[in-house]
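Below is one structure, written out as C-alpha cells; the observations come after it.
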Amino acid sequence: MSQPATETTAMPTTLTLINPSEVDTAQVVAGDTTLTALEERQNLLAHHVRLVARGMSVGLFVFGSQGGLGKSRTVLRTLPDEGVSPDLVNSHITPLALYATLYHNRNGRVVFFDDVDSIFGSMSHLGLLRSALWGAPRVVTYGSSQLDDLPGSFIFESQIIFCGNVIPKRNDAFKAVLSRCDISQLDATQEEVVELMRSIASAGYETLTTDDCLKVVDFIEQNGDDRAISLRLLEPSFRKVIYARSEGLDWRPLVMTQLKTLGRKEDTSRRLDAKAQEIRTLHQAFERHPDSVAQQQVFWSWVTGKSRASFFRLLAKHRPK
C-alpha cells in the first residue's frame, strides 16, 4: 500500500554528501555496537530512505562504485517498512515512458530508478527529472504528438530515489538534478565486506551450520586476493556447498570457479604512486630544461610514456611560479 500524498515545500532539499569515513554512524544507528561497519552504513542509508518515504526529502541519489554492498536491498527493504510500495524502474526507459511513469505515480508515491544509468546522460530524461524534483508546484511538461491520453503537463507530488554506481561528471544537466536530491554513498573495504559475511554466516544457512558457513567465508577471504568481493557471492557459495555435499563432491572448486569470475579490485595505491611519479618527473624536467617548455615536454613524455596532451594538463596544475 503506497503512502498518501504529502505536502511539498518550495524550499530545495539540502545537498547532503555522506562520506562514511567522516560520519559517526554509531550516533545514527542508535548505538548498536553489535553491527559491523558495513551494516552501520546500510542503516545510515536506511535513514535517508525513510526521509524520502515520509515526504521529508523529494529525492535521494545512492551511489557506490562497488556492487553487491546492499544499496538496492536496503532501499527495497526499508520502503515497505514505511508502508511504501515503490514503482521500480530497473531497465531502459524512453523519455516518453519516463513521462508516463512520473504521471501515473504523481501523487504520494516513490519512484525507484535502480541502475538505470543511461538516463543520466540524456538531456530529455534529465529535463523531466529536474522538473519533477524542483518547483512550487513541481510542474512536469512534455510536448509530443505521441502523448495519446496523457496530458501535456501535470503537477508531480511524489518522491524519487536513484541508485547507481558512480556520480556522472562534467554534466551540468545532471548536476542540476543532483542538487535537488540528498546524496548517500555506500562503499566498503574488502575487510569490511568479509566482516559482514562472517556476521551473516554466524546464523547458518539452511542445512549448513555456523561452522560450515564460516569455513566458506574463510575460503573466500583466503582466495579472493585482489578480487572485488561482494555480498552477492555469499549465498550462491552456500548453495554450492549444499549441492556438493549431496553429490559427494569437494565444494571448494565450485566456489573457486565463481571467485575467478570476479573483477579485479582497483589498486588505488598503485594509481596514486603513478601520479606522484609523473609529478616528480615534471620537476626533473623543470631542472633539466628550465628555459624550454618544448624540451620539458619531450623529456617528460620519454620518461613517463605519456602523451604531449597529458604533459600540458599536468603542467597547468604544477607550473613553476
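Over every pair of different alpha-carbon atoms in region 164-321, take the mean of 1/r and invert it; report that Kirkwood radius in Å.
Here the Kirkwood hydrodynamic radius works out to 20.2 Å.
At 7 Å along Cα-to-Cβ for each site, give me the label-to-label distance between Ser199 and Asp218 in nm.
The answer from the label model is 2.2 nm.
Can you give me the distance in nm between label points at Arg239 and Lys275, each placed 7 Å from the Cα along the Cα-to-Cβ direction?
About 4.0 nm separates the two model spin labels.
With each pseudo-label sitting 7 Å past Cα toward Cβ, what's the Lys260-Asp149 distance in nm, one decimal?
About 5.6 nm, to one decimal.
Please report, largest first and rounded to whole Å, the three semi-axes of the ellipsoid equivalent to region 135-243, where each semi-axis is the square root of five times an eigenvalue of the C-alpha gyration tensor.
46, 18, 13
How many times 2.2 N^0.38 Å is the alpha carbon radius of gyration of region 35-177?
1.05
Between Lys317 and Lys169, 0.36 nm times their residue separation minus their Cα-Cα distance comes to what?
51.3 nm
Do the alpha carbons of any pairs in Lys175/Lys275; Lys215/Lys240; Lys175/Lys317 sit beyond 19 Å of each other, and which pairs?
In this structure, Lys175/Lys275; Lys175/Lys317 exceed 19 Å between Cα atoms.
Quick note: the coordinates plus some simple rules give every number you see, no bench work behind them. Computed from a prediction, not measured in an experiment: that's the story for all the values here. All Cβ positions, even for glycine, are placed from backbone atoms using ideal geometry, and neighbour counts span all protein chains on display.
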